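Enquirer: A single structure is presented below for examination.
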Protein chains: 2
Amino acid sequence: MKERQTKSRLAIRELLVSAKQPLSATELIEALLRLGLAVNKTTVYRELEKLLKKNEISEVDFGEGQKRYELTHGDHHHHAVCTECRAVVELEIEGRLGDILSMVTKQSGFRIEKHLIEFFGVCEACQS
Amino acid sequence: MKERQTKSRLAIRELLVSAKQPLSATELIEALLRLGLAVNKTTVYRELEKLLKKNEISEVDFGEGQKRYELTHGDHHHHAVCTECRAVVELEIEGRLGDILSMVTKQSGFRIEKHLIEFFGVCEACQS
DNA sequence: TCATTTAACGCAACTTAGTTGCATCTGTCA
DNA sequence: TGACAGATGCAACTAAGTTGCGTTAAATGA
């Protein structure tokens with residue numbers, strides 16, 4: 001049978017679409033609650049799993065001990081995260097990644113398959 | 001009073017000194033057990049906290065949902081992790097980091113304070 | 001419109017990493 | 001050797017995430 005259009009599913013997708021930053025499962029649950037939808041965490045985790053499998057969303061790791069999820073859009077990219085207000089800016093550093101990657105390959109001898117690259121600091125607004 | 005030289009403390013330090021790769025708290029506990037030291041996890045976490053505070057060890061995050069710890073040695077550096085055998089190689093890519101960092105700063109407007117950069121793939125031994 | 005089917009859901013219980021409060025133990029130093 | 005305070009262990013807890021299972025409810029066809 002096809003995938004069903006349930007309230008929870010539609011709402012989770014909508015939240016991810018309109019999110020300005022990668023959301024954690026907990027944030028999703030809270031946002032759903034604010035919409036009047038008391039969705040169980042199991043449901044949220046299972047929906048995220050499906051969206052991941054269909055490559056509609058991507059996992060993001062800011063080293064917080066929890067995963068975040070954002071809509072898959074364009075190539076794999078990286079973020080700058082404000083440690084004050086949690087604002088997230090998407091970066092375009094793919095140009096410089098090539099030679100780093102070949103450097104890493106040469107140094108390690110590994111066949112590099114993925115990487116984890118994120119930046120943390122204070123955004124303009126929080127600097128003043 | 002000074003810091004006491006207890007069996008657990010000495011063993012934890014020794015394990016971290018002789019470790020070939022960053023260790024997780026769980027791995028430390030298991031290694032201690034193998035040495036005949038049934039050290040409680042609370043003790044291990046508290047000791048790691050102290051070592052961190054004294055900057056004797058550094059936290060490493062491979063996005064596994066658990067922290068790893070390695071002796072602080074030299075500058076902040078990055079790793080290549082084999083996804084097959086878990087071997088870890090230390091990298092020297094500081095040279096290329098400068099222009100990436102300035103690129104990130106320019107793009108985001110953030111005052112960048114730290115970053116998370118790790119590479120994952122298959123090591124030479126596991127490729128054959 | 002209604003019955004059927006099965007995907008989706010909720011609940012409870014569990015796992016893993018890490019934390020906290022408190023009572024007890026034990027290095028260390030006088 | 002005794003006393004103090006740092007170190008430890010235990011139990012209970014938190015937070016993120018997972019699993020099994022019984023129930024609910026979209027979707028489809030009659």
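Enquirer: Within the bounds of the stretch A:45-60, is there any residue that is under 30 Å from A:Ser128 (Cβ atoms) and either open to solvent by 70 Å² or more (accessible area, probe 1.4 Å) or in contact with a strand residue (DSSP E or B) (Cβ under 6 Å, 6 or more places away or on another chain) (or both)?
Expert: Yes, some residue in the stretch A:45-60 is under 30 Å from A:Ser128 (Cβ atoms) and either open to solvent by 70 Å² or more (accessible area, probe 1.4 Å) or in contact with a strand residue (DSSP E or B) (Cβ under 6 Å, 6 or more places away or on another chain) (or both).
Enquirer: Outside any loop (DSSP other than H, G, I, E, B), away from DNA strand D (no atom under 13 Å from the Cβ), over 24 Å from A:Ile112 (Cβ atoms) and polar (S, T, N, Q): is that true of B:Thr43 in this structure?
Expert: no
Enquirer: For a quick check of your reading of the model, give me the residue pairs whose first member lies in the stretch B:52-64 and is facing chain A (nearest Cβ under 9 Å) and within 19 Å of B:Arg86 (Cβ to Cβ), whose second is within 14 Å of DNA strand C (Cβ to nearest atom) and not in a strand (DSSP E or B), with beta-carbon atoms closer than 6 Å and at least 6 apart or on different chains.
Expert: From the stretch B:52-64, the pairs are B:Asp61/A:Gly63.
Enquirer: Residues of the stretch A:13-40 being outside any helix (DSSP H, G or I), away from every other protein chain (no Cβ under 14 Å) and either within 13 Å of DNA strand C (Cβ to nearest atom) or surrounded by 16 or more Cβ atoms within 10 Å (Cβ to Cβ) (or both), which ones?
Expert: Matches in the stretch A:13-40: A:Ala19, A:Leu23, A:Leu35, A:Gly36, A:Leu37, A:Ala38, A:Val39, A:Asn40.
Enquirer: Considering each residue of the stretch A:1-12, count those that are more than 8 Å from DNA strand D (Cβ to nearest atom) and either more than 27 Å from A:His76 (Cα to Cα) or surrounded by 16 or more Cβ atoms within 10 Å (Cβ to Cβ) (or both), and give that number.
Expert: The total comes to 4.
Enquirer: Tell me the strands (runs of 3 or more DSSP E) entirely within the stretch A:72-128 that contain at least 1 residues that are more than 7 Å from chain B (Cβ to nearest Cβ).
Expert: It comes to A:78-82, A:88-91.
The values are calculated or read from the model by the stated rules, or taken from the named source; none is laboratory data. Computed from a predicted structure; not experimentally measured. So basically every Cβ, Gly included, is an ideal-geometry build from the backbone, and we count neighbours across all protein chains shown. When the accessible area is computed, the model is the full protein with side chains, heavy atoms only, and any ligands, DNA or RNA have been set aside. Shrake-Rupley method; radii C 1.70, N 1.55, O 1.52, S 1.80 Å.
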